[in-house]
1. Given the criteria assigned to a strand (DSSP E or B) and open to solvent by 60 Å² or more (accessible area, probe 1.4 Å), does GLN156 qualify?
2. For region 169-192, give me each residue that is of a type in the set (Phe, Trp, Tyr) and either more than 15 Å from MET75 (Cβ to Cβ) or buried (at least 18 other Cβ atoms within 10 Å of the Cβ) (or both).
3. Just for region 159-168: of the residues that are touching a residue at least 24 places away in the same chain (Cβ under 8 Å) and among the small types (Gly, Ala, Ser), which one is surrounded by the fewest Cβ atoms within 10 Å (Cβ to Cβ)?
4. For region 129-146, give me the residue count where each residue is on the phi > 0 side of the Ramachandran plot and of a type outside the set (S, T, N, Q).
5. Give the number of residues within region 101-120 that are out of contact with any Phe, Trp or Tyr (no Cβ under 7 Å at 6 or more places or on another chain), open to solvent by 30 Å² or more (accessible area, probe 1.4 Å) and part of a loop (DSSP other than H, G, I, E, B).
6. Looking only at region 90-109, count every residue that is among the hydrophobic types (A, V, I, L, M, F, W, C) and touching a strand residue (DSSP E or B) at 6+ places or on another chain (Cβ under 7 Å) and tell me the total.
7. May I ask you to verify whether SER148 is under 21 Å from LEU71 (Cα atoms) and modelled with pLDDT of 95 or more?
Amino acid sequence: MQVHTSNNQSRHPLLKKNLHSESGVTILEMVVAMLILTVGLLGLAASIGYAVTVSNKGRNLTNSKLLVVSLLEQMETLRNTEQLTFGQIANQGQVDNSASTRTFIGFPTAFQPLSINPGPDGIFGTDDDLISPGPDNIYGTSDDTIDSTWAVPGYQRQISITNLSANLKRIQVTVRYPDAAGQLRDMVGVSYLNNDTRSNFR
């Protein structure tokens, strides 16, 4: 009986020691697991941030390409619909209004705000793009105002037209846009416009 009792007494400290050592390992494992989880979550957050940045960069780039193409196509449309004559499709100071019934002052050469509205002349890329008709919705009246809310935030455009010959023009459109980091970048497109009457819609 004494041997049996002494065996139980000798096992009791060992059992306590084992319990204490097991609980210590569990806490250490939890700390390591939390550390690994934290590192993983930080990596996931960084990858999500990078994906958003790349997505914004791609969106701005795509939008800028579409804007450049639309401004270039507008020149051909102006000629084809005879809204402007071939001689009127020019920068300010180089416009030939002699063959037209309306006067057009031309496209400015400096960078201008990119507008969602063409203004009173109905042509995008001119000086009057931000002019609003006011409450009466009629251009040319005393309530016309400059509406800066029509400007696309962060975007500017420049149109440069060069006469290569009497029947051929080089048109360069530059759209300045903000990249994902907020830096301004330029998207440039070039097209050539001829004085081919066969292109007219008739």
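The values are calculated or read from the model by the stated rules, or taken from the named source; none is laboratory data. All figures in this text were calculated on a predicted structure; none of them were measured in a lab. Cβ sites come from the backbone with ideal geometry, for glycine too, and all protein chains shown count toward neighbours. SASA here: full protein model, heavy atoms, side chains in, ligands and nucleic acids out. Shrake-Rupley method; radii C 1.70, N 1.55, O 1.52, S 1.80 Å.
1. The answer is yes for GLN156.
2. TYR177
3. Out of the qualifying residues, it is ALA166.
4. Adding up the residues that qualify gives 2.
5. Qualifying residue count for the region: 7.
6. Going through region 90-109 one residue at a time, the tally reaches 2.
7. Criteria not met by SER148.
Here is a yes/no grid of residues against (1) part of a loop (DSSP other than H, G, I, E, B); (2) within 30 Å of GLY154 (Cα to Cα); (3) modelled with pLDDT under 90; (4) of a type in the set (A, V, I, L, M, F, W, C):
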| site | (1), (2), (3), (4) |
| --- | --- |
| ILE27 | no, no, yes, yes |
| LEU41 | no, no, yes, yes |
| SER55 | no, yes, yes, no |
| GLN74 | no, yes, no, no |
